[in-house]
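None of the figures in this text is laboratory data; all of them are computed from the coordinates on show. The structure displayed is predicted, hence computed values, not measured ones. Using ideal geometry, Cβ is built from the backbone for each residue, glycine included, and neighbour counts are taken over all protein chains shown.
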Amino acid sequence: MISLEPISQREGPRDECGVFGVFAPEQDVARLAYFALYALQHRGQESAGIATSQSGHIIALRDLGLVSQVFDEPKLQALAGDVALGHVRYSTTGSSAWENAQPIYRSDRREVALAHNGNLINAVELHSDLREQGVEFRSTSDSEIIAALLSTNEADTIEDAIESVLPRLEGAFSTAVMTKDSLIAFRDGAGLRPLAIGRLGDRYCVASESCAFDIIGAEFLREVQPGEMVSIDARGIESRQVVTGERRAFCVFEHIYFARPDTRLEGRLNQVSRRRMGEVLWREAPVEADLVIAVPDSGNPAAGGYSQASGIPKDDGLIKNRYVARTFIQPGQELRKHGLRMKFNPLPEIVGGKRLVVVDDSVVRGNTTRQIVKMLRDAGASEVHLRISAPPIRHPCHYGVDMSTTQEMIAHGRTIDEVAEELGCDSLAYLSLDGLYEAIDLPRETHCDACFTGDYPLERSDVANGKYALEELAVVQA
Ligand code: SF4
């Protein structure tokens, strides 16, 4: 039987979304958004969209697929304007249906387009309130709730509307909003997801990650502060502190895995932080071995750090096929056991007869890791020692990452030895929480590490707001 099944290009937990916005009347803003989204593609591969303002109206073009599949030259040329907003999505709430692609457009009282990265933990409550007021929804994503609150708000300016709406939102939201002639970005009071400001000549842009600025020749200025609203238009850039969170809680997983290695977070280049994670991991969990190999690509920097600190040589023992399509025809039962070879292929000449240290940055379900261990043994490795440059993932994320059920996590309810047995490796060690913060050289108090510790930084994080909560609600209300 042939089935079409979506797979992620990346092996770890699924990212949330990528957001980009630019105000630059003298430039081809849609093309800038296209290239910026291209740089942010790793943050979401289900859908892509760009909105621009033209002749006083906002037009939004969005569809399922990768940025390069959704847009072509004629579409970009149709998207003229002074300001552009872009989004790439992986669904953390709502299904991957077309209606849930972003930017979301609404024109209840004022025209807005909105791009959101994060997850509202009071989405069900806000959705019910708005429905009671007669507000209709076209999608089942929590992002449309923010768009609807802003579009229906009676304040005279979009800034005042955001100022009145933002305190009602609970959870994670790094958001960019576009009106006909301005771009506004704001972030939740804890600053859970990233959002940065760039300068392009004498104009400004915002993006989830600084790597989006590099590709369009913009200069990284600073991060949007937790609870801050930044307003960008013909007059330049203005900032207002709208809310002050009880504590900062930036997602530490962005440092470990989500953000690209060439992105700067909290003043640190990820590639450097990840190498240090590997160095600390060697100090915490040394092992006698002949060769260090990475699970490519995400394990590369930490494997480099582990090798450098230990003096054990590093080589490429696993080759990754970079061209595995997001949707491909599954091989069927008989060939299924070979399925992973479509993504990874071990090199017997490199790993044969060797005691291997295999470095990866995280393990969620463990299926891929288990198959990699077996594959390396089949290729002749004499020992396989797994070293993971993050602590064990044992708790769900409620803030915009698709790790919502503990049952699917291999480390949940298991000791490290039990996980090692499940994975079939000779030894297994994870980076400690202290080691992680030592590697990024930042304090734990200003970060979220709930998926490792169960210590949720926001109140009410245990509220049932599953990925499909709004779809379930829509069914009940229909
Ligand atoms: S629970 Fe984990 S993935 Fe989610 S925001 Fe916190 S650190 Fe990031």
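With a cut-off of 14 Å between beta carbons, the residues surrounding Arg199 carry a summed charge of -2, where Lys and Arg count +1 and Asp and Glu -1. Across the chain, where is the longest run that never hits GluC sites (Glu not before Pro) in a DSSP loop with at most 12 other C-beta atoms within 10 Å? Of all site-free stretches, the longest is 289-458. Name the shape class, rounded, prolate or oblate, that the alpha-carbon gyration tensor gives for region 211-254, where a ≥ b ≥ c are the square roots of its eigenvalues, rounded holds for a/c under 1.5, and otherwise prolate holds if a/b is larger than b/c and oblate otherwise. Oblate is the answer for region 211-254, as a/c is 1.5 or above yet b/c matches or exceeds a/b.
Note on region 7-249: Cα-only Rg and Dmax are 16.1, 47 Å. Residue exposure proxy: Ile372, Ile350, ordered by other Cβ atoms within 10 angstrom of their Cβ from fewest to most, comes out as Ile350, Ile372. Counted by neighbouring Cβ atoms within 10 Å, the residues His385, His116, His87, His395 run from fewest to most as His395, His385, His116, His87. For the chain, the mean residue ellipticity at 222 nm estimated from helices alone is -7500 deg cm²/dmol, where every DSSP H run of n ≥ 4 contributes -39500 (n - 2.57) and the total is divided by all residues, rounded to the nearest 500. Sort region 154-279 into rounded, prolate or oblate with this rule: let a ≥ b ≥ c be the square roots of the eigenvalues of the Cα gyration tensor; rounded if a/c is under 1.5, and if a/c is not under 1.5, prolate when a/b is larger than b/c, oblate otherwise. Oblate is the answer for region 154-279, as a/c is 1.5 or above yet b/c matches or exceeds a/b.
What translational diffusion coefficient, in µm²/s and rounded to a whole number, does the Stokes-Einstein relation yield for region 48-88 at 10 °C and a viscosity of 1.306 mPa s, taking the hydrodynamic radius as the Kirkwood radius over Cα pairs? Taking Rh from Cα pairs, D becomes 155 µm²/s.
Here's the list of lysines a cross-link from Lys343 could span, going by alpha-carbon distance under 18 Å and ignoring same-chain residues fewer than 8 apart: Lys320, Lys374. Legend: translational diffusion of the chain by Stokes-Einstein, Rh = Kirkwood radius over C-alpha pairs, 37 °C, 0.692 mPa s; D = 143 µm²/s. Sum up the charges of everything whose Cβ sits under 13 Å from the Cβ of Glu111, counting Lys and Arg as +1 and Asp and Glu as -1, but leave Glu111 out. Neighbourhood net charge equals +2. Contact order for the chain, expressed relative to its length and based on alpha carbon pairs under 8 Å spaced 6+ residues apart, stands at 16 percent. Qualifying trypsin sites (Lys or Arg not before Pro) in region 66-131, where qualification requires a DSSP coil assignment and no more than 14 other C-beta atoms within 10 Å, comprise Arg109. Around Asp72, under 13 Å between beta carbons, what's the net of Lys plus Arg minus Asp minus Glu among the other residues? Result for the neighbourhood of Asp72: 0.
Counting every other Cβ atom within 10 Å of each residue's Cβ, Asp142, Asp297, Asp449 order from fewest to most as Asp297, Asp449, Asp142.
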